[in-house]
1. Within the range 49-71, which residues are buried (at least 22 other Cβ atoms within 10 Å of the Cβ), touching a strand residue (DSSP E or B) at 6+ places or on another chain (Cβ under 9 Å) and at pLDDT below 95?
2. What is the one condition in (1) over 26 Å from residue 53 (Cβ atoms); (2) at pLDDT 85 or above that residue 270 does not satisfy?
3. Out of (1) out of contact with any strand residue (DSSP E or B) (no Cβ under 8 Å at 6 or more places or on another chain); (2) part of a helix (DSSP H, G or I); (3) surrounded by fewer than 16 Cβ atoms within 10 Å (Cβ to Cβ); (4) at pLDDT 95 or above, what's the single condition that is false for residue 200?
4. Going by the conditions given, is residue 106 surrounded by fewer than 18 Cβ atoms within 10 Å (Cβ to Cβ) and in a strand (DSSP E or B)?
5. Just to be sure I understand the filter: pairs with C-beta atoms under 7 Å, separated by 6 or more residues or on different chains, first member in the range 47-62 and free of Cβ contacts under 8 Å to residues at least 40 places away in the same chain, second member in a strand (DSSP E or B) and crowded, with 24+ Cβ neighbours inside 10 Å. Which pairs pass?
6. Consider only pairs whose beta carbons are under 9 Å apart and that are at least six residues apart or on different chains; among these, list those whose first residue lies in the range 79-91 and is touching a residue at least 40 places away in the same chain (Cβ under 8 Å) and whose second residue is assigned to a loop (DSSP other than H, G, I, E, B) and surrounded by 17 or more Cβ atoms within 10 Å (Cβ to Cβ).
7. Only one of (1) more than 19 Å from the chain's Cα centre (by Cα); (2) at pLDDT 95 or above; (3) surrounded by fewer than 19 Cβ atoms within 10 Å (Cβ to Cβ) is not met by residue 148, so which one is it?
8. May I ask you to list pairs of residues, at least six apart or on different chains, whose Cβ atoms are under 9 Å apart, with the first in the range 253-268 being at positive phi and the second being part of a loop (DSSP other than H, G, I, E, B)?
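The values are calculated or read from the model by the stated rules, or taken from the named source; none is laboratory data. No experiment lies behind these values; they were computed from the predicted model shown. Positions of Cβ are backbone-derived with ideal geometry, glycine not excepted, and every protein chain shown enters the neighbour counts.
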């Protein structure tokens with residue numbers, strides 16, 4: 001039986017710009033290409049989970065004003081696992097994704113209605129697992145989200161602080177850590193949030209704060225997890241090619257959440273997540289390829 005997973009956070013438009021390198025002041029550049037796709041950390045995580053057959057619900061606000069809100073809402077309405085909270089008088093933001101020839105990406109985010117929260121959207125909901133992101137906790141309604149999480153309806157919290165996790169108010173971080181979340185971070189985020197200079201020391205410090213598992217992605221070195229004092233490592237899965245790295249972290253988080261909520265255990269979940277994130281960097285944007293989704297869905301059913 002699948003665990004019930006609730007995903008809270010943003011759904012927005014990714015405007016993806018492909019260029020040779022990041023521009024410098026007064027440079028005149030020609031783009032190699034551009035495209036538009038659905039994005040947002042919560043959307044990326046929930047999209048993977050839903051396509052893989054998980055019992056997931058994405059609760060995400062959508063502002064209908066501006067350029068992007070109606071487009072986002074139309075995509076959310078197509079999916080049975082998406083539950084949009086429509087805000088007719090607010091504007092939805094977007095993320096400009098600058099992708100260099102190497103595949104590395106730089107984000108320029110314009111935040112709008114998608115980073116708000118109202119307890120009324122989740123008042124009748126409960127879950128076995130709940131995904132939350134530091135980007136939402138940082139925003140003006142972050143305290144309202146933490147307050148709802150403290151009411152005990154969220155089950156096991158899976159928290160991805162993200163690159164701006166250090167900007168979350170200290171009191172909110174302390175309250176969130178007291179809820180024993182499983183943490184999912186990259187190396188730089190783990191070092192910044194813990195104040196340590198060594199990855200393993202950072203993981204142990206963070207685990208001491210939460211009393212729960214800590215998962216850290218390590219780029220070309222793979223990933224590591226600390227669970228019950230035991231450090232686990234997996235090497236990076238080889239990618240056939242690197243098109244762009246958009247959504248690689250979200251794909252890893254989604255796969256970890258799928259594995260852990262399905263009872264696969266930490267080691268097997270790390271292996272699964274490594275495979276998924278390697279597949280994402282080989283395609284444009286954040287969507288996990290269909291053939292990978294089918295293989296994962298079959299494995300989870302086993």
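1. 49, 54, 68, 69
2. (1)
3. In the conditions (1) out of contact with any strand residue (DSSP E or B) (no Cβ under 8 Å at 6 or more places or on another chain); (2) part of a helix (DSSP H, G or I); (3) surrounded by fewer than 16 Cβ atoms within 10 Å (Cβ to Cβ); (4) at pLDDT 95 or above, residue 200 misses (1) alone.
4. Yes: the conditions hold for residue 106.
5. Here the result reads 50/56, each pair linking the range 47-62 to a residue that is in a strand (DSSP E or B) and crowded, with 24+ Cβ neighbours inside 10 Å.
6. 82/11; 84/11
7. (3)
8. Hits for this filter: 263/3.
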